[in-house]
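Accompanying notes for the structure given below.
The values are calculated or read from the model by the stated rules, or taken from the named source; none is laboratory data. Only a predicted model underlies this, so the values are computations on that prediction, with no experimental measurement involved. Note: ideal-geometry Cβ built from the backbone for every residue, glycine included; neighbour counts use all protein chains shown.
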């Protein structure tokens, strides 16, 4: 049976590889958005995680509260089962932009299949944020649209919820945000045909068919290039959350990625440096945001005369400079993210690729072993990232069942988490630095000096500061 699973995460920080889930909340509904079940899981802070001070004062989950939760391994296995239940469409507000990838790394870190919730057993994903953009642009009467201090629209869920009385309770509590997201979906679904049309953009087949129907705009040695109007929050209110784009083709390095050149940028002609560095090319997977609308007058008409003139100027330049255009197409089609040497196992998901059948079998045996027998299952694994992750599952979640090898792995890893002197902090797959104890203490000082805090937030920072100085 098909069902929607509306969910939200509160996390120890923003780093999808190294931070962890602290709260997972979800409401499962039928396809008419009637509630069937709800789940609210608090996750205990792992011993190697240094929470972000800004995240702490935002979701207000302190050290003491987090310690009331279940261990990460058990929580993530439960979450994995929920999103992988047959026929589940998992969705939330900006879930494809943040939460879904956070889940993917949590699954990877705990030796669970990271992608099956996207396609297996009739499962799929959606996201309310790109849908909200379309309703804001083309069905504005569906909601009251809150404004920022500068008078421009904000699409933050907290502001939308307050302006439209979507949910009661403190924002950034995961269950409150889920209730707000479900209420938002009900408002949108009440519009009938619009809801069905927008939902179609999250179906790979339907989205692919719509892209193939886009009209031709340019021809080159690289092929035929259609165009459309891409919408998404990334473009911001100044651009009315949309931009005209030209199809460049598909990535040869990454399956299911189409490439789109923004046509209203100024740098293409007048910028400095290599031509591939002067343009903005957006990667889009079928069935995911951003949404690309056909260039009909009701959509193109949202673009100012100045932006449309820039589109014409850029297209004329592309026709007059075919070698430069060929260089843009070639560069982005062939582009590969650089491999990072000695990448930490927690963040190696994309670089390592899919597990072999033998590795999947070892992981399954590890999961079946139960906490008391996991160390034995871990020792059956060959040295490498899989065994390293298994060791971490043990020392992060079951130190009472760990053996000498696991304790040694814990000491070695904590030394990386808390680098001394000139030692380099761990970095993720994009080169972002893992939060260290010293960096967190520095940020606590900055937050105290720059942010207007209430009494609860001040106590949370004191608690966090004491935890870091005592445990690292």
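Listed conditions (1) part of a helix (DSSP H, G or I); (2) touching a helix residue (DSSP H, G or I) at 6+ places or on another chain (Cβ under 7 Å); (3) closer than 30 Å to residue 378 by Cα are all met by residue 114, apart from (1).
Per-residue answers, yes or no, for (1) within 19 Å of residue 11 (Cα to Cα); (2) crowded, with 18+ Cβ neighbours inside 10 Å; (3) in contact with a helix residue (DSSP H, G or I) (Cβ under 9 Å, 6 or more places away or on another chain); (4) at pLDDT 95 or above:
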site: 440; (1), (2), (3), (4): yes, yes, yes, yes
site: 449; (1), (2), (3), (4): no, no, no, yes
site: 456; (1), (2), (3), (4): yes, no, yes, yes
site: 468; (1), (2), (3), (4): yes, yes, yes, yes
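Being in contact (Cβ under 8 Å) with a residue 24 or more places away in the chain, surrounded by fewer than 20 Cβ atoms within 10 Å (Cβ to Cβ) and in a helix (DSSP H, G or I) is the filter here, so list the residues in region 81-95 that pass it. Result: 82, single match.
Any residue in region 33-50 that is outside the structural domain of residue 393 (by TED's automatic domain parsing), part of a strand (DSSP E or B), at pLDDT 95 or above and buried (at least 22 other Cβ atoms within 10 Å of the Cβ)? Working first, answer last.
Looking only at region 33-50, we keep the residues that are outside the structural domain of residue 393 (by TED's automatic domain parsing), and these are 33-50.
Then keep just the ones that are part of a strand (DSSP E or B); that gives 35-43.
Applying the additional criterion that residues be at pLDDT 95 or above yields 35-43.
Remaining after also requiring buried (at least 22 other Cβ atoms within 10 Å of the Cβ): 43.
Yes.
Within region 311-326, the set of residues being touching a helix residue (DSSP H, G or I) at 6+ places or on another chain (Cβ under 7 Å) and under 17 Å from residue 260 (Cβ atoms) comprises 314, 318, 325.
Annotation note: of 117, 121, the sole residue that is surrounded by fewer than 18 Cβ atoms within 10 Å (Cβ to Cβ) and closer than 23 Å to residue 361 by Cβ is 121. What number of residues within region 124-163 are crowded, with 20+ Cβ neighbours inside 10 Å and either without any contact (Cβ under 8 Å) to a residue 60 or more places away in the chain or assigned to a helix (DSSP H, G or I) (or both)? Matching residues across region 124-163 total 12. Please enumerate the residues belonging to region 17-48 that are under 18 Å from residue 440 (Cβ atoms) and in contact (Cβ under 8 Å) with a residue 60 or more places away in the chain. Hits for region 17-48 are 17, 18, 19, 20, 46, 47, 48.
Counting the residues of region 382-396 that are closer than 16 Å to residue 352 by Cβ and touching a residue at least 40 places away in the same chain (Cβ under 8 Å) gives 6.
The residues listed here are 308, 394; of these, the one that is touching a helix residue (DSSP H, G or I) at 6+ places or on another chain (Cβ under 8 Å), over 30 Å from residue 76 (Cβ atoms), in a helix (DSSP H, G or I) and at pLDDT 95 or above is 308. Among the residues examined, residue 166 qualifies as in a loop (DSSP other than H, G, I, E, B) and touching a helix residue (DSSP H, G or I) at 6+ places or on another chain (Cβ under 6 Å). Residues in region 397-409 that are part of a helix (DSSP H, G or I) and surrounded by fewer than 19 Cβ atoms within 10 Å (Cβ to Cβ): 399, 400, 401, 404, 405, 407, 408.
Let's see how each residue does on (1) farther than 30 Å from residue 433 by Cβ; (2) without any contact (Cβ under 8 Å) to a residue 40 or more places away in the chain; (3) assigned by TED's automatic domain parsing to the domain that holds residue 15; (4) crowded, with 17+ Cβ neighbours inside 10 Å:
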residue: 238; (1), (2), (3), (4): yes, no, no, no
residue: 252; (1), (2), (3), (4): yes, no, no, no
residue: 258; (1), (2), (3), (4): yes, no, no, yes
residue: 281; (1), (2), (3), (4): no, no, no, yes
residue: 290; (1), (2), (3), (4): no, no, no, yes
residue: 301; (1), (2), (3), (4): yes, yes, no, no
residue: 313; (1), (2), (3), (4): yes, no, no, no
residue: 316; (1), (2), (3), (4): yes, yes, no, no
